[in-house]
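Shown next, in structure tokens, is the structure this report addresses.
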Amino acid sequence: MKSEFLKYYNKRLHLEDIDLGEIAGEVGTPCYVYSRRSFEQAWHQYNSAFKERAHRICYAVKANDNLSILKALALIGSDFDVVSIGELHKVTAAGGNPAGVVFSGVGKTRGEITDALKAGIGCINLESCEEFERLESVAASLGACVNVAVRVNPNVDPKTHPYISTGLKDSKFGVPIDDARELYQRISASKWLNPSGIACHIGSQITSVDPIIEAVRHVVDLALGLKVIGIKITNIDVGGGLGIDYAGETPPTIKELVDGLCQTVPEEFKLVLEPGRSIVGPAGLMLTRVEFIKKTKDKNFVIVDAGMNDLLRPALYDGWHDVLTHCENLSGVEGEICDVVGPICETGDTLAKNRRLLVSEGDLLAVVDCGAYGAVMGSNYNARLRCAEVLVDESSYSVVRRRQTFDSLISDEKDVLIT
Ligand code: LLP
């Protein structure tokens, strides 16, 4: 249990001041529960670590796009990083300012670019020469000027899971750093595009500052080289934030990362950071209830009411999330080794493997550290309803996304066979 806001009190697990049993009783399970104080505190840690240094914290919406979380972050001054027009819609619906938004992603459609420009997007992070041509033609047709950063690929290994490594030369992301200078010359020759920044994101769940700093050094060299040929960029966007401690990892502190960035990037450049996981990851958990304890000769299975459609990380990335019982185990009995599995018809539907748990049918469990890339990656697989989300704020809580209904599950479909 890593979050300081998650603790046992009177033998029951609480998030902030709320007994999680109360939420499960009222809202049902499975459901996600988030601590507002936790994610706001993480955001403030990033913000204050920069001290007087010019910077922007653009929260990565992909980590958790719940409107109430976006709104809370907008209220404390966050900017945002989006990767689709849907995310931009959510940011504006939550009261965020499009002028404070950077738009990344390798496959922006003409429609998305058009809508982003019409909304007054802060910056488009370009990922290819082909995208440059598309952006220029859309901007010209709208008669709109737009800030751009080229996302460069520095070919640096972030030493993380291969699915979330993005800065190696065989990755689809970014423009090879050696080709970037020529692209900047084309951008600065354009009437519609303003080369305002350089962006770089080498991966997620990074637990050392070294690869990030190595990548940023390449970016600084590029920025200084561009200055020599008369192209003055103002922003250096270093991509996502730190990894978190899921299973004993020891990521650096936010201050260590920010100090390293401030030392590496000359003061003339404003630093932009796009953290997601380290803001909302530790702030969220998923509540699930035990349906059965199934024992076979070889294994003990704790079958719960949440599945890989609710939390995909274990199935997709071998993600490890601690599982806590709602009732504190003070019995002195340790429980048996078991796999915590969901009801979905796939063996990959295993939320936690080989854990020692003392549980019985009907018990409530909390799968922790899943505020990032949890609910957002949920699906309707096996026609299961998207689960509810709850925001805890000190001694009160609210349902910030209600559980999906069966009506909404089928409402977008058309039965063409009914005459
Ligand atoms: N900026 C860009 C351009 C990104 O691609 C990402 C994450 C971020 C920022 C935020 O990075 P963070 O601070 O969260 O590390 N679903 C995966 C993670 C995918 C991350 C994709 N990009 C997981 O559950 O581990």
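General remarks:
- Subset of the stretch 224-255 that is crowded, with 24+ Cβ neighbours inside 10 Å and outside any loop (DSSP other than H, G, I, E, B) - its residue that is farthest from the ligand (Cβ to nearest atom): I236
- Residues of the stretch 171-189 that are among the small types (G, A, S), open to solvent by 10 Å² or more (accessible area, probe 1.4 Å) and either in contact with a strand residue (DSSP E or B) (Cβ under 9 Å, 6 or more places away or on another chain) or outside the structural domain of R217 (by TED's automatic domain parsing) (or both): S171, G174, S188.
- If you go through the stretch 256-271 and keep only what is more than 16 Å from the ligand (Cβ to nearest atom) and either under 22 Å from the mean Cα position of the chain (by Cα) or of a type in the set (V, I, T) (or both), you end up with T264, V265.
- Residue ID - nearest to N64 (Cα to Cα), chosen from residues in the stretch 278-321 that are under 14 Å from the mean Cα position of the chain (by Cα), aliphatic (A, V, I, L, M) and in a loop (DSSP other than H, G, I, E, B): A283
- Residues satisfying the stated conditions in the stretch 204-222, i.e. of a type outside the set (A, V, I, L, M) and either crowded, with 16+ Cβ neighbours inside 10 Å or outside any helix (DSSP H, G or I) (or both): S204, Q205, T207, S208, P211, E214, H218
- Every residue from the stretch 203-223 that is within 10 Å of the ligand (Cβ to nearest atom) and among the aliphatic types (A, V, I, L, M): I206
Yes or no, residue by residue, for (1) within 24 Å of R402 (Cβ to Cβ); (2) in contact (Cβ under 8 Å) with a residue 12 or more places away in the chain:
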residue: E52; (1), (2): no, no
residue: C58; (1), (2): no, yes
residue: K62; (1), (2): yes, yes
residue: D81; (1), (2): no, yes
residue: A93; (1), (2): yes, yes
residue: V106; (1), (2): no, yes
residue: K118; (1), (2): no, yes
residue: G122; (1), (2): no, yes
residue: E127; (1), (2): no, yes
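- Any chance A372 is crowded, with 20+ Cβ neighbours inside 10 Å, within 16 Å of the ligand (Cβ to nearest atom), part of a loop (DSSP other than H, G, I, E, B) and in the same structural domain as E26 (by TED's automatic domain parsing): yes
The values are calculated or read from the model by the stated rules, or taken from the named source; none is laboratory data. All values derive from a computational prediction rather than experimental measurement. Glycine also receives a Cβ, built like all others from the backbone with ideal geometry; neighbour counts cover every protein chain displayed. For the accessible areas, the whole protein counts, side chains as well, though only heavy atoms, and no ligand, DNA or RNA atoms are used. Shrake-Rupley method; radii C 1.70, N 1.55, O 1.52, S 1.80 Å.
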